[in-house]
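Down below is the structure, laid out as structure tokens.
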Ligand SMILES: [Zn+2]
């Protein structure tokens, strides 16, 4: 009668291979910059100074899946 020791399966967490600066959804590294609605409002209401606010309120958007980074 074999007395097999219990097999210990070490499940190591898979290392995240997401390169820095890439999309967490599709690992795409191409980003497009979009302005928020609030940014556009500032742009039109406070032109030309609203351009600064508009630039501050822009978001990074994945050009592949559309994932937006705040
Ligand atoms: Zn993406």
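The values are calculated or read from the model by the stated rules, or taken from the named source; none is laboratory data. Worth saying up front: this structure is predicted, and the values here are computed from it rather than measured. Quick reminder, even Gly has a Cβ in these numbers, built from the backbone with ideal geometry, and neighbours come from all protein chains shown.
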Right, residue 65: out of contact with any helix residue (DSSP H, G or I) (no Cβ under 7 Å at 6 or more places or on another chain), surrounded by 14 or more Cβ atoms within 10 Å (Cβ to Cβ) and at pLDDT 90 or above or not? no
Looking at the structure I just gave you, is residue 29 part of a strand (DSSP E or B) and either surrounded by 12 or more Cβ atoms within 10 Å (Cβ to Cβ) or on the phi > 0 side of the Ramachandran plot (or both)? no
Take the conditions modelled with pLDDT under 85, surrounded by 10 or more Cβ atoms within 10 Å (Cβ to Cβ) and either in a loop (DSSP other than H, G, I, E, B) or more than 10 Å from the ligand (Cβ to nearest atom) (or both) and apply them to residue 54. Does it pass? yes
Answer with yes or no whether residue 5 is more than 13 Å from the ligand (Cβ to nearest atom), more than 16 Å from the chain's Cα centre (by Cα) and part of a loop (DSSP other than H, G, I, E, B). yes
Looking at the range 1-26, which of its residues are modelled with pLDDT of 85 or more and surrounded by 10 or more Cβ atoms within 10 Å (Cβ to Cβ)? 22, 23, 24, 25, 26
